[in-house]
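Bear in mind that the values in this text are calculations on the coordinates, not laboratory data. As the structure is a prediction and not an experimental result, all values here were calculated from the model. FYI the Cβ positions are ideal-geometry reconstructions off the backbone, even for glycines, and counts take in every protein chain you see.
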Amino acid sequence: MIRTESLVKTYVLGGDTIRALDDVTLLIGDGEMVAVTGASGSGKSTLMNILGCLDQPDSGQYFLADEDVSRLQKDRLARIRNRRIGFVFQTYNLLPRMSALENVELPLLYAANREAKDRAEAALRTVGLADRMHHEPNQLSGGQRQRVAIARAIVTNPAVVLADEPTGNLDTHTSREIIDLFHSLNAGGRTIVMVTHEPDIAAHCQRQIRMRDGRIVED
Ligand code: ADP
Ligand code: MG
């Protein structure tokens, strides 16, 4: 599902060159559930953003479902992201003036889908929010907001769901519920890659990848 060859991503900031990704080669099969761990600054988000087609590497290659997406133009990359990837962020990234339902419909509107509302409702039911569809984000708890974000990530029925510290802002109990939700999505056949700094969450994944200084040091 995901194959990278020698990904390199460098940032230049104030005369300093930072190798955020330093030769990352990775193979993730269809239906795997992978936890990515590592200290702050080790390159986890940089990797996730490239895997999620939100960013591109300086060099190296990235094949998503056998398609080389390493050098695509921005608009083609956005289309592939919309079709194949659901992305969940630590801080939910919901639009504030829109209801849960409207937030979840958004990815479908970009794809001009007439059944958007039905599918958004189904996605919200999947994440256990049938009774909160018309609430706006500030009327929801952190855990509920993250459920909305997960519904938005799965509404296009992507094969891959990527999550960058999805429980980073949540208490232990709520984190557990969100992780259970990712496990059930994985049981339904989706490939999941999730960044977490919590060892017990990582331990519940099939596979753990640990990063240090832009490299994979354990897999
Ligand atoms: P992590 O998610 O593991 O905390 P990141 O991927 O965010 O790590 O960052 C990896 C390294 O790249 C860090 O040293 C960080 O400071 C640097 N970095 C990340 N994004 C940028 C950017 N946009 N500009 C400059 N440096 C960046
Ligand atoms: Mg990060």
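Across region 124-131, computed HN-Hα scalar couplings (Karplus, 6.51 cos²θ - 1.76 cosθ + 1.60, θ = phi - 60°) run 5, 5, 4, 8, x, 10, 4, 9 Hz from first to last residue, x flagging Gly and Pro. Bridgeable lysines around K9 (alpha carbons under 19 Å apart, same-chain partners fewer than 8 residues away excluded): K44, K74.
Convex hull over the Cα atoms of the chain, averaged projected area in nm²? Each step should come with its number before you reach the end.
Details: hull surface 48.4 nm².
Spelled out: convex hull of the Cα atoms, projected over all directions, averaged, 12.1 nm².
In percent, what relative contact order does region 6-108 have, based on Cα pairs under 8 Å that are 6 or more apart in sequence? Rounded, it is 21 percent for region 6-108. The helix-only estimate of mean residue ellipticity at 222 nm for the chain, built from DSSP H runs of length n ≥ 4 each weighted as -39500 (n - 2.57), is -10500 deg cm²/dmol after division by the residue total. Here the scattering of region 1-88 is modelled by Debye summation over its C-alpha atoms, one equal scatterer each and no solvent; at q = 0.12 Å⁻¹ the log10 of I(q)/I(0) is -0.36. Rounded to whole numbers, the Karplus 3J(HN,Hα) couplings from phi for region 32-39 are 6, 10, 10, 9, 10, 10, x, 5 Hz, using 6.51 cos²θ - 1.76 cosθ + 1.60 with θ = phi - 60°, and x at Gly and Pro. Dividing the Cα radius of gyration of region 98-209 by 2.2 N^0.38 Å, with N the residue count, gives 1.05.
So which residue, out of L64, L72, L21, gets the largest mean-square fluctuation from a GNM of the chain using Cα contacts under 10 Å as springs? Of the options given, L72 has the highest mean-square fluctuation. Full extension of the segment from L72 to H197, taken as 0.36 nm per residue of separation minus the current Cα-Cα distance, would add 41.9 nm.
The mean sequence distance of close C-alpha pairs (under 8 Å, at least 6 residues apart), as a share of the length of region 147-219, puts its relative contact order at 29 percent.
For region 118-181, what is one quarter of the convex hull surface built on the Cα atoms, given in nm²? Don't jump to the answer; show the numbers that get you there.
Values: hull surface 17.5 nm².
Reported value for the Cα convex hull: 4.4 nm².
The H on the amide N of H135, modeled in the peptide plane, is under 5 Å from the matching H of A100, L101, each at least 5 residues off or on a different chain. If only the Cβ of Lys and Arg carry +1 and only the Cβ of Asp and Glu carry -1, the dipole of the chain around its Cα centre is close to 500 debye. When DSSP beta bridges are restricted to pairs lying wholly in region 94-219, around 40% turn out antiparallel. Extending 7 Å from Cα along the Cβ direction at S6 and again at R83 yields two label points whose distance is 2.9 nm. Label-to-label distance, K117 versus Q61, with points set 7 angstrom from Cα along the beta-carbon direction: 4.7 nm.
Using R0 = 41 Å, the C-beta based FRET efficiency linking D131 and L13 works out to 0.35. Full extension of the segment from A39 to A187, taken as 0.36 nm per residue of separation minus the current Cα-Cα distance, would add 50.4 nm.
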